[in-house]
1. Restricted to region 150-176, and to residues that are among the basic types (K, R) and under 14 Å from the mean Cα position of the chain (by Cα), which residue is nearest to Y267 (Cα to Cα)?
2. Given the structure, is G161 touching a strand residue (DSSP E or B) at 6+ places or on another chain (Cβ under 7 Å), within 20 Å of F189 (Cα to Cα) and part of a loop (DSSP other than H, G, I, E, B)?
3. Quick test for you: out of E130, E185, E147, E102, pick the one residue that is acidic (D, E) and either under 17 Å from the mean Cα position of the chain (by Cα) or crowded, with 18+ Cβ neighbours inside 10 Å (or both).
4. Here is a check on your reading of the model: is I127 among the hydrophobic types (A, V, I, L, M, F, W, C), in the same structural domain as L103 (by TED's automatic domain parsing), in contact with a Leu (Cβ under 8 Å, 6 or more places away or on another chain) and touching a residue at least 40 places away in the same chain (Cβ under 8 Å)?
5. Run I144 past the list (1) without any contact (Cβ under 8 Å) to a residue 12 or more places away in the chain; (2) assigned to a strand (DSSP E or B) and report the number of the one that doesn't hold.
Amino acid sequence: MGVQRITDNMEEKERIKLGMSDIDLRLELVTVHNFELTEELIVYEVVFHADSKSLVQLEIHEHIKSLFRFPSIVVVKGTPKELMNGLIQVEDVIASYLDGEELNVNTLDDFFSFYPNQKSTEIFYSIQGELTPDSKLLQIDNIILRETGTFATSILRNFKGKRFTGFHVICDDSFIIQLMKKWIESEDFWNLEVITFFVSTKSALDPVKISEEFEMKPWDESKRPRGYFLGERIYGLSDETIECGHFMDIERKKTKSWGLFILKEMYLSFLFGIEHFFKSKLSFIELIRVNCVFGTEAIETNF
């Protein structure tokens, strides 16, 4: 049973206690045919008055949180307009799935201002417009773009977060070389931990050309472990051990820290500052998979 729809007609209603509030609602019987089980299922819809929408959402939100001993992970899914106009504003939203429409940077600024405590977002549509250094998207710790295109260059120019993953990335060798040189020379990317690109078929990288620009060393077991384990639960990331023996090592000159780098024609991944990951028992995060199993933690989407 779930909250399914709202109505302006509440002639037949019952009053129930939902959390700390009294809510007028009614149950409607709905018959659903299950083709896999070749049987009909009995489903009840909860129908409530339109004026009670925000109150019902708030009380259900608080009720779900109370069911779990550990703090809930609150995730919203939908278009930014739906999530801003169709849901209550809750403070503990930490992640979002954004889909359903082409996005622009102004809409994203409004959305991340509406839910200001987000640590992770996965965006399924292309983004239009130019980011400014103060754009809210640049302050998100973990960004996954499913339709990146040339937008990766715009993000990484002023990115303040920790991890960026782009699918269908359009870029050239010079962009990768410039990015790596900025890190090596300690000119930028002080917070950045991981970059992963899945390159678009419209542009392939030249691993040999890029590698010739840098002094790379093969894995040395005296300097770092072969695998890294992600011990910190981050929405959108798996928590498995990643084998990094096939990555090349690159040294950051001023800090003498090390980065891990792997490059192919259609794939690039760069782990920055491996000492941080080793000391905190965090892993290199290869964002090939973006599904996360939450166990008993609560996930909320659009009601």
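1. Going through the qualifying residues, I end up with R163.
2. Here the answer is yes, as G161 does meet what is asked.
3. The unique qualifying residue is E147.
4. No, not satisfied.
5. With (1) without any contact (Cβ under 8 Å) to a residue 12 or more places away in the chain; (2) assigned to a strand (DSSP E or B) applied to I144, the lone miss is (1).
The values are calculated or read from the model by the stated rules, or taken from the named source; none is laboratory data. Being a predicted model, the structure only gives us computed values, none of them experimental. Note: ideal-geometry Cβ built from the backbone for every residue, glycine included; neighbour counts use all protein chains shown.
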